[in-house]
1. Would you mind telling me which residue in Arg37, Arg18, Arg71 has the biggest mean-square fluctuation in a Gaussian network model of the chain, where springs connect alpha carbons within a distance under 10 angstrom?
2. What's the magnitude of the charge dipole for the chain around its Cα centre, counting Lys and Arg as +1 and Asp and Glu as -1 at the beta-carbon? Answer in Debye, nearest 20.
3. Which residue, Lys42, Lys76, Lys86, has the most motion in a Gaussian network model of the chain that connects Cα atoms within less than 10 Å?
4. Rounded, prolate or oblate: which one fits the stretch 27-67, using the alpha carbon gyration tensor with axes a ≥ b ≥ c (rounded when a/c is under 1.5, else prolate when a/b beats b/c, else oblate)?
5. Roughly how many percent of the accessible protein surface of the chain is carbon and sulfur, given a 1.4 Å probe and a whole-percent answer?
6. Identify all lysines with a Cα-Cα distance to Lys75 below 30 Å; exclude those on the same chain that are fewer than 8 residues away in sequence.
7. For a bin width of 5 Å, list the pair-distance distribution of the chain built from all Cα-Cα distances, rounded to whole %.
8. Compute a Gaussian network model of the chain, connecting alpha carbons closer than 10 Å, and tell me which residue from Gly56, Gly23, Gly34 fluctuates the most.
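The values are calculated or read from the model by the stated rules, or taken from the named source; none is laboratory data. Keep in mind that what you see is a predicted model, and the values were worked out from it rather than measured. Heads up, the Cβs are rebuilt from the backbone with ideal geometry, glycines too, and the neighbour counts pull from every protein chain shown. Areas reflect the complete protein model, heavy atoms only, side chains present, ligands, DNA and RNA absent. Shrake-Rupley method; radii C 1.70, N 1.55, O 1.52, S 1.80 Å.
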Amino acid sequence: VQLQASGGGLVQAGGSLRLSCVGSGRTFSRNGMGWFRQAPGKEREFVAGITWNGGGTSHADSVKGRFTISRDNAKKTVYLRMNSLKPEDTAVYYCAAAYGSDWYEAPSSYLYWGQGTQVTVSS
């Protein structure tokens, strides 16, 4: 599976962005997917995860109610809709495909990673 993330950019606080992650390969639709982010000087952290069929999702407490993960297996794409963005959301965002069909919070549970897309939120 190869992953290509896009949709990042510079936005003012309170604004919105939608990140996309397009996958290739036959097994994309069988993998749980996750979005992670990493700010300068910080560890990579879990943002949101979704099961292989979209039936289960999870969002980190810091983004709950503002971010929404979704997927379209026909398009081999996972999305992260980000609303009410805050300066502390500034980071490089990565999508990842899990070893299994579920989502996981630990980065080590993900086998494939996209290249990352920069999100910068100005105050």
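1. Maximum among the listed residues: Arg18.
2. Working: 13 positive and 8 negative charges, 74 e Å.
About 360 debye.
3. Lys42
4. On the way: a/c = 3.96, a/b = 1.58, b/c = 2.51.
Verdict is oblate for the stretch 27-67.
5. On the way: 2860 of 6170 Å².
Carbon and sulfur together cover 46 percent of it.
6. Hits, sequence-local ones excluded: Lys64, Lys86.
7. Reading the bins upward from 0: 2, 13, 25, 27, 19, 10, 4, 1, 0.
8. Taking springs between Cα atoms under 10 Å, the residue moving most is Gly56.
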